[in-house]
1. Going through ALA185, ALA160 one at a time, which residue ends up being out of contact with any strand residue (DSSP E or B) (no Cβ under 9 Å at 6 or more places or on another chain), free of Cβ contacts under 8 Å to residues at least 24 places away in the same chain and over 23 Å from ALA280 (Cα atoms)?
2. Restricting to segment 189-211, name every residue that is in contact with a helix residue (DSSP H, G or I) (Cβ under 7 Å, 6 or more places away or on another chain) and either part of a helix (DSSP H, G or I) or surrounded by fewer than 17 Cβ atoms within 10 Å (Cβ to Cβ) (or both).
3. Among the residues of segment 277-298, which ones are in contact with a helix residue (DSSP H, G or I) (Cβ under 9 Å, 6 or more places away or on another chain), touching a residue at least 24 places away in the same chain (Cβ under 8 Å) and surrounded by fewer than 19 Cβ atoms within 10 Å (Cβ to Cβ)?
4. Being within 23 Å of GLU173 (Cα to Cα), under 18 Å from the mean Cα position of the chain (by Cα), modelled with pLDDT of 95 or more and of a type outside the set (Ser, Thr, Tyr) is true for just one of ALA113, ALA149. Which residue is that?
5. In segment 152-178, what residues are aliphatic (A, V, I, L, M), at pLDDT 95 or above and outside any helix (DSSP H, G or I)?
6. Out of the residues in segment 236-248 that are assigned to a loop (DSSP other than H, G, I, E, B) and touching a residue at least 40 places away in the same chain (Cβ under 8 Å), state the one that is farthest from ILE310 (Cα to Cα).
7. Of the numbered conditions (1) surrounded by 17 or more Cβ atoms within 10 Å (Cβ to Cβ); (2) among the hydrophobic types (A, V, I, L, M, F, W, C); (3) at pLDDT below 95, MET219 fails exactly one; give the number of that condition.
8. Could you say whether any residue in segment 250-268 is touching a strand residue (DSSP E or B) at 6+ places or on another chain (Cβ under 9 Å), hydroxyl-bearing (Ser, Thr, Tyr), buried (at least 20 other Cβ atoms within 10 Å of the Cβ) and over 21 Å from ALA93 (Cα atoms)?
Amino acid sequence: MSARIIVIGEALVEIMRPAGGGPLDHEGIFQGPYPSGAPAIFAVAAARLGMQVGFIGCVGKDAFGRLMQNRLRNEGVDISMLQIRADYATGAAFIAYAPDGNREFVFHLRHSAAGALEADQLSPDDFIGVDWLHISGSFLALSDKTRSACQRALDYTLAAGGKLSFDPNLRSELMPAEEAKIAFAPFLQACHLFLPTAPEALALAGTSDEDSAAKALLMDKGRLVIFKRGAYGCTIYSHNKRVDMPGYTVEEVDPTGAGDCFNAACVLGLAEGWSLERIARFSNAAGALAVTKQGPMEGAPTPAEVEKLINRSEQAS
């Protein structure tokens, strides 16, 4: 039976500048809305990889909320735990891409439906049989309400025998890194799989050395820490092993969602009991395929597509 995953976090629409469309403080055109939000992208990616996925979040009773509901439902994600609020608008993010690949964000999240998730509506019955809970730091950064809901979900998950996958997803637009260290601490302490980028790991560990950061973040022998390096691949740290795996060369169309697809592939590999090397290869390929299509969720691959890229790359080398 496939792993059962519960994802809690923001569901939002993304409205973006086309390539070369200019910064957000200039007039110009946009594309979208696209269904988005790091946890929602993770949920779709995990579903496409064959896992059973339930999503906990909150959207408004509006057109953008219907867009999110329809997309998640059509991808096979269970949205029975999704909360719908008529008194809040669905969250939105406006994004522009700089020539160097960096992104500029304007978020409407903290005061949107995404930040209004009610912890009291979560039930321990919803977590029976859960294998993994996935949380993104961007959701923890929204409000006291979202942190309370995540803590409630974590408590129910651990009581049911599940594990926590945690992506810090630091966003200075939502919360400065020093504040994030404090807000994230209970979840970092409890997680079984930690999925930062290398710069995020250095910031959270308070060091400039990657190996020292990994050692500090491992905390105990049962945890994996995986540094995501984008096109350069990843590094997996366990208590007794380091695995460095190069990335895959693809034509990048839209980088949004690559890390979330990578994260979902890591959880799949752990659920299936794969070796660290296989997890690294598969996750790198999943993340690479995510950037090949326009739209945050569009490039989320199936297992067959991931294996095809791996095999093609091995034959070419």
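The values are calculated or read from the model by the stated rules, or taken from the named source; none is laboratory data. Since we're looking at a predicted model, the values are computed, not measured. Virtual Cβ from ideal backbone geometry, glycine too; neighbours counted across all protein chains shown.
1. From the options ALA185, ALA160, the qualifying one is ALA185.
2. ALA190, ALA198, ALA201, LEU202, ALA203, LEU204, ALA205, THR207, SER208, GLU210
3. Filtering segment 277-298 for residues in contact with a helix residue (DSSP H, G or I) (Cβ under 9 Å, 6 or more places away or on another chain) gives 278-291, 296-298.
Pick out the ones that are also touching a residue at least 24 places away in the same chain (Cβ under 8 Å) and you get 279-291, 296-298.
Correct list: GLU298 only.
4. Of ALA113, ALA149, the one residue that is within 23 Å of GLU173 (Cα to Cα), under 18 Å from the mean Cα position of the chain (by Cα), modelled with pLDDT of 95 or more and of a type outside the set (Ser, Thr, Tyr) is ALA149.
5. Residues of segment 152-178 that are aliphatic (A, V, I, L, M), as a first pass: 153-154, 158-160, 164, 170, 174-175, 177.
If we keep only those that are at pLDDT 95 or above as well, we get 153-154, 158-160, 164.
Residues satisfying the conditions are ALA160, LEU164.
6. Once the filter is applied, the top-ranked residue is GLY247.
7. (1)
8. No, segment 250-268 contains no residue that is touching a strand residue (DSSP E or B) at 6+ places or on another chain (Cβ under 9 Å), hydroxyl-bearing (Ser, Thr, Tyr), buried (at least 20 other Cβ atoms within 10 Å of the Cβ) and over 21 Å from ALA93 (Cα atoms).
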